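Everything on this sheet refers to the single structure shown next.
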Amino acid sequence: MPTLAAAQSLIEPQVSIELRPQVKLDHGSVRLGDIAFLTTRDMPTLRRLMALPLGPAPRPGSPALLDRETIVRWVEARSGLQTVDSALRVQSPAIRWTGASETEIESAAQQLPGEAVVSAARSALLNWLSQRSVRAEVEPVSTARDLLLPPGVPTLRVRPLANQAQPTRRMLVWVDAWVDDRFVRTTAVTFEVGAWAPVAVATTDVGRGATVDPVMLRGAMQTREVDLTTVRQGTPVASKAGGDSADGRQRLRRPLRPGEVLTSAHLETTPAVMRGNWAHLQARSGDVSVESRVEVLQDGRQGQVVRVKVPGSSGEVLARVTGPGQVEVQP
């Protein structure tokens with residue numbers, strides 16, 4: 001029968017692990033070696049246990065607690081080692097646990113001033129507005145909070161604003177914080193915005209269906225500097241009255257009132273043939289082609305079938321639109 005000393009030698013642990021009551025980390029994951037002092041004569045086992053992952057580090061400013069029982073179960077499940085039994089049963093290999101009953105884990109942090117976030121957002125917003133206006137003013141609605149970030153080199157990256165968006169009275173700019181090329185968190189900055197640009201403004205009533213061309217712009221429109229954030233629908237037409245961009249290929253889908261800004265919401269593409277106008281009709285039958293002038297009875301775009309009327313005839317004919325002022329009838 002073995003003596004007590006012999007029994008104790010039989011259960012001498014292969015590894016001793018002393019848990020630390022509190023640790024502060026400067027990296028993004030928790031390893032067993034971060035929260036405990038490990039002792040063993042087996043160097044491969046020591047290296048393996050010290051590198052054993054326990055999970056991600058807590059967010060800066062939000063400490064986490066790990067109790068010993070949870071750590072023991074985790075380590076035993078992933079290392080294959082067992083804890084020394086208090087009844088002195090021989091277990092090999094084995095771990096003896098000492099130290100704190102729980103460990104508080106805190107991530108080291110650096111503080112990035114909220115002013116830096118606002119400055120990055122303001123710069124990006126002003127650059128975006130400069131492509132749509134001749135002058136702009138932006139003012140943050142509230143003070144941005146300082147950001148708690150892990151140690152490393154911080155970088156602020158402003159999310160691009162949509163190209164198709166229009167300036168509005170209040171605009172939200174999202175800023176992502178990265179540390180050492182790793183995304184950490186995002187925050188938003190709200191601005192009060194004013195952005196002015198020269199746009200076409202109606203000086204008189206203009207009815208629905210009016211063709212938008214230099215003549216119409218010179219007679220019924222005036223270029224004024226307008227705050228774009230006050231325009232509710234569509235993209236304002238920024239061309240000056242009489243500009244080359246108004247070539248008659250568009251018309252008003254709804255009327256304009258004096259003082260109203262001309263926007264894309266008012267416009268539609270002018271049909272290839274329009275009701276009440278004349279069109280050139282070409283009728284084909286085999287190798288024979290007959291041309292005539294017809295009255296268009298409904299608007300139509302290229303490829304559409306419209307009703308037309310031949311002068312002197314009481315009936316209507318269906319014809320396919322082939323181009324501006326052109327229709328054809330095929331058997």
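The values are calculated or read from the model by the stated rules, or taken from the named source; none is laboratory data. Keep in mind that this is a model prediction, so the values were computed, not measured. Every residue, glycine among them, receives a Cβ derived from its backbone with ideal geometry; neighbour counts consider all protein chains shown.
Here are the numbers for this structure:
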| read-out | value |
| --- | --- |
| The stretch 1-24, residues that are under 23 Å from Glu76 (Cβ atoms), at pLDDT 80 or above and not in a loop (DSSP other than H, G, I, E, B) | Val15, Ser16, Ile17, Glu18, Leu19, Val23 |
| Filter pass, Arg135 being assigned by TED's automatic domain parsing to the domain that holds Ala165, of a type outside the set (Asp, Glu), loosely packed, with under 14 Cβ neighbours inside 10 Å and closer than 15 Å to Arg185 by Cα | no |
| Some residue of the stretch 14-36 being over 28 Å from Arg182 (Cα atoms), touching a residue at least 24 places away in the same chain (Cβ under 8 Å), loosely packed, with under 12 Cβ neighbours inside 10 Å and assigned by TED's automatic domain parsing to the domain that holds Ser101 | yes |
| Qualifying residue in the stretch 100-115 (condition: of a type outside the set (S, T, N, Q) and in a helix (DSSP H, G or I)) | yes |
| Selection count, the stretch 292-331, where residues are farther than 14 Å from Met274 by Cβ, in a loop (DSSP other than H, G, I, E, B) and either in contact with a strand residue (DSSP E or B) (Cβ under 8 Å, 6 or more places away or on another chain) or polar (S, T, N, Q) (or both) | 9 |
| Every pair of residues 6+ apart whose Cβ atoms lie under 6 Å, when the first sits in the stretch 218-235 and is surrounded by fewer than 19 Cβ atoms within 10 Å (Cβ to Cβ) while the second is part of a helix (DSSP H, G or I) | Gln233/Ala265; Gly234/Ser264; Gly234/Ala265; Thr235/Ser264 |
| From the options Thr98, Thr103, Thr40, Thr83, residue that is surrounded by 13 or more Cβ atoms within 10 Å (Cβ to Cβ), over 30 Å from Ala177 (Cβ atoms) and touching a residue at least 24 places away in the same chain (Cβ under 8 Å) | Thr40 |
| Candidate set: the stretch 156-180, residues that are surrounded by fewer than 16 Cβ atoms within 10 Å (Cβ to Cβ) and touching a strand residue (DSSP E or B) at 6+ places or on another chain (Cβ under 8 Å); chosen: the one nearest to Ser29 (Cα to Cα) | Asp176 |
| Every pair of residues 6+ apart whose Cβ atoms lie under 7 Å, when the first sits in the stretch 143-162 and is assigned by TED's automatic domain parsing to the domain that holds Asp176 while the second is loosely packed, with under 14 Cβ neighbours inside 10 Å and among the acidic types (Asp, Glu) | Pro151/Asp26; Gly152/Asp180; Val153/Asp180 |
| Val201 being crowded, with 18+ Cβ neighbours inside 10 Å and not assigned by TED's automatic domain parsing to the domain that holds Gly234 | no |
| Condition check for Arg47: without any contact (Cβ under 8 Å) to a residue 12 or more places away in the chain and either surrounded by fewer than 16 Cβ atoms within 10 Å (Cβ to Cβ) or among the basic types (Lys, Arg) (or both) | yes |
| Selected residue (criterion: surrounded by the most Cβ atoms within 10 Å (Cβ to Cβ)) from residues of the stretch 271-286 that are within 50 Å of the chain's Cα centre (by Cα) and part of a loop (DSSP other than H, G, I, E, B) | Ala272 |
